[in-house]
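> Mind having a look at this structure? Questions to follow.
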Amino acid sequence: MKIAFLACPATLPGSPTRRPDAFEHDLYVDALRAGIGNRGTVTDIDWRAPLETLAQFDAAILGTPWDYTEAKDEFLARLGELEQAGVTVCNPLAVVRWNSDKLYLKELGERGAVTIPTLWPDRAGPGDVLAAFDHFRTDRVVVKRRVGAGAVGQDSFTRAAPPSADWALGQAGMIQPFLPAIQQEGELSFIFIDGQLSHALGKQARAGDYRIQSLYGGVEVALTPSPADRAPAEAVLALLPFGAAPLYARIDMVRLADGQLAVIEAELIEPYLYPRQGSGFGAMLAEAVLRRLG
């Protein structure tokens, strides 16, 4: 079996523009290769490679195409081309299209998931942020892009340090109250393969920050979740609007003031799946891929 691990110039080995956190790409690919063993090959390749090259693969895993958020329509079109060429795309286009706009969180809330209270301005400006302080009765908020990843373009404002008069997000956004648990307990991530929990971890920001990604100094620690913490993550997975569980899903949760875990993201496109924290992850993912390829 020939498997393409789709990436981008910022994550591919040897790239002159490689990101500081591209080591995550290497760990992910190595885990998948070890799991596949001699039953196939795993090739990391730019998702913008010629279609005739990518069409020669049996499957395409959306590994680290971390620049897709700046070219969403192009990315979705490419996935559609691959599926039409007979390549098994994981996760498939229908899942990616639904997950590519964070408005999906609103849908999950309507389906019964515990979510973070959110405002959804089309083009957030200073007035939206100031109104959010009163709406949420809070002194601090976080503003995110609806199409985004890795905290790129994200801002946090307080009543004492609001946005400047000329600040603008420049695209559809979302505004949420800042949750103190992010800097205390951190974010909890649950990694599912074919609907089954592979492993879980806690992600904590460095002192003085609230962003938990390694790019900003965040650290990760493997954990064994309690049944009470595992249940809401499994509930979110069950609420996804698809006929079957996706190949992979990372359900990110954060604790609300009342102790409930709320979904902060349901990552189904190109999430890093933290193989270091899951000793059996590579084998589990490989078996799931091979099942899809028959």
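The values are calculated or read from the model by the stated rules, or taken from the named source; none is laboratory data. As the structure is a prediction and not an experimental result, all values here were calculated from the model. Please note: Cβ atoms are built from the backbone with ideal geometry, for glycine as well, and neighbour counts cover all protein chains shown. Protein only, heavy atoms only, side chains kept; ligands, DNA and RNA dropped before computing areas. Shrake-Rupley method; radii C 1.70, N 1.55, O 1.52, S 1.80 Å.
> Could you list the square roots of 5 times each eigenvalue of the Cα gyration tensor of segment 28-140, that is, the equivalent ellipsoid semi-axes, sorted largest first and rounded to whole Å?
Details: eigenvalues 282, 54, 37 Å².
Output for segment 28-140: semi-axes of 38, 16, 14 Å.
> To continue, here is another question. Using only the C-alpha atoms of segment 4-53, find the volume of their convex hull and express it per residue in Å³.
Numbers: hull volume 3.6 nm³, N = 50.
Cα-based convex hull of segment 4-53, divided per residue, equals 72 Å³.
> Full-extension gain between residue 39 and residue 97, please, as 0.36 nm times their residue separation minus the C-alpha to C-alpha distance.
Numbers: separation 58, 0.36 × 58 = 20.88 nm, distance 3.07 nm.
Full extension from residue 39 to residue 97 adds 17.8 nm.
> Now a separate question. Show me the ranking of peptides 45-51, 5-11 by mean Cβ neighbours inside 10 Å, starting with the highest.
Numbers: 45-51: 16.0, 5-11: 23.4.
Highest to lowest by the protection proxy: 5-11, 45-51.
> Give the shape of segment 177-217 as rounded, prolate or oblate, defined through the alpha-carbon gyration tensor: a ≥ b ≥ c are the square roots of its eigenvalues, a/c under 1.5 means rounded, and otherwise the shape is prolate if a/b is larger than b/c and oblate if not.
It comes out prolate by the Cα gyration axes.
> In Å², what does the accessible area per residue of the chain work out to with a 1.4 Å probe? Write down the numbers at each step before the final one.
Details: 12590 Å² over 294 residues.
Per-residue value: 43 Å².
> Antiparallel DSSP bridges in the chain: what percent, to the nearest 5?
70 percent
> What does the C-alpha gyration tensor say about the overall shape of segment 223-286? Classify as rounded when a/c is under 1.5, otherwise prolate if a/b is larger than b/c, or oblate.
On the way: a/c = 1.91, a/b = 1.31, b/c = 1.46.
Verdict is oblate for segment 223-286.
> When the dipole is taken about the Cα centre of segment 131-229, and only Lys, Arg (+1) and Asp, Glu (-1) are charged at their Cβ, what size is it in debye, to the nearest 20? Before the final figure, lay out each step's value.
Details: 9 positive and 10 negative charges, 44 e Å.
Computed charge dipole of segment 131-229: roughly 220 debye.
> Pairs 102/203; 72/102; 72/203; 144/203: which are spaced more than 24 Å apart, C-alpha to C-alpha?
Details: 102/203 21 Å; 72/102 13 Å; 72/203 27 Å; 144/203 19 Å.
Too far apart for the 24 Å limit: 72/203.
> Carbon and sulfur: what percent of segment 136-230's accessible surface (1.4 Å probe)? Please report the intermediate quantities before stating the final value.
On the way: 2120 of 4350 Å².
Answer for segment 136-230 is 49 percent, counting heavy atoms of protein chains only.
> Once the piece of chain linking residue 76 and residue 110 is laid out straight, how much longer is it, given 0.36 nm per residue of separation minus the C-alpha distance between them? Could the numbers behind the result be given before it?
Working: separation 34, 0.36 × 34 = 12.24 nm, distance 2.56 nm.
Extra length available between residue 76 and residue 110 comes to 9.7 nm.
> Right, next: Assign unit charges at the C-beta atoms only (+1 for Lys and Arg, -1 for Asp and Glu), then state the dipole size of the chain relative to its Cα centre in Debye, rounded to the nearest 20. Working shown, then result.
Numbers: 28 positive and 36 negative charges, 47 e Å.
Approximately 220 debye in magnitude.
> Could you check the simple spin-label distance between residue 168 and residue 2, using points 7 Å along Cα→Cβ, in nm with one decimal?
4.7 nm
> Which net charge results when you count Lys and Arg as +1 and Asp and Glu as -1 among the other residues whose beta-carbon is under 9 Å from that of residue 190? Mind dumping the intermediate values first?
Numbers: positive: 230, 250; negative: 229, 234, 252.
Taking every other residue near residue 190 into account, the sum is -1.
> Here's another thing I want to ask about it. Give me the net charge of residue 48's neighbourhood, meaning all other residues with Cβ under 11 Å from the Cβ of residue 48; Lys, Arg count +1, Asp, Glu -1. Don't skip to the end; give the middle numbers.
Numbers: positive: 78; negative: 46, 67, 74.
So the environment of residue 48 carries a net charge of -2.
> I would also like to ask the following. In debye, nearest 20: dipole of segment 1-140 around its Cα centre with unit charges on the Cβ of K, R (+) and D, E (-)? Walk me through the intermediate numbers first.
On the way: 15 positive and 21 negative charges, 50 e Å.
Dipole of segment 1-140, to the nearest 20 debye: 240 debye.
> A follow-up question, please. Considering only the other residues whose Cβ falls under 13 Å of the Cβ of residue 79, what net charge follows from Lys and Arg at +1 and Asp and Glu at -1?
Details: positive: 48, 72, 78, 97; negative: 73, 74, 81, 83, 270.
Computed value for this residue: -1.
> How much of the pair distance distribution for the chain lies past 37 Å, counting alpha-carbon pairs only, in percent? Before the final figure, lay out the partial values.
Values: 5619 of 43071 pairs.
It works out to 13 percent of all Cα pairs.
> Using helices alone, what [θ] at 222 nm do you get for the chain, with -39,500 (n - 2.57) per DSSP H run of 4 or more residues, divided over all residues and rounded to the nearest 500? Working shown, then result.
On the way: 8 runs with 81 residues, N = 294.
Per the formula, -8000 deg cm²/dmol.
> Also, quick follow-up: Extending each Cα 7 Å along its Cβ direction at residue 138 and residue 120, get the distance between those two points in nm, one decimal.
Those two pseudo-labels are separated by 1.8 nm.
> OK, next. What is the Rg over Rh value, at two decimals, for segment 153-230, using alpha-carbon atoms and the Kirkwood definition of Rh? Write down the numbers at each step before the final one.
Details: Rg = 15.9 Å, Rh = 15.0 Å.
Computed over Cα atoms, the ratio is 1.06.
> Compute the length gained on full extension between residue 223 and residue 27: take 0.36 nm times their separation in residues and subtract their Cα-Cα distance, giving the result in nm to one decimal. Walk me through the numbers before you get to the answer.
Working: separation 196, 0.36 × 196 = 70.56 nm, distance 1.90 nm.
Full extension of this stretch gives 68.7 nm more.
> While we're looking at this one, here's another question. Treat each spin label as a single point 7 Å out from the Cα along the C-beta direction, and report the residue 183 to residue 258 distance in nm.
2.5 nm
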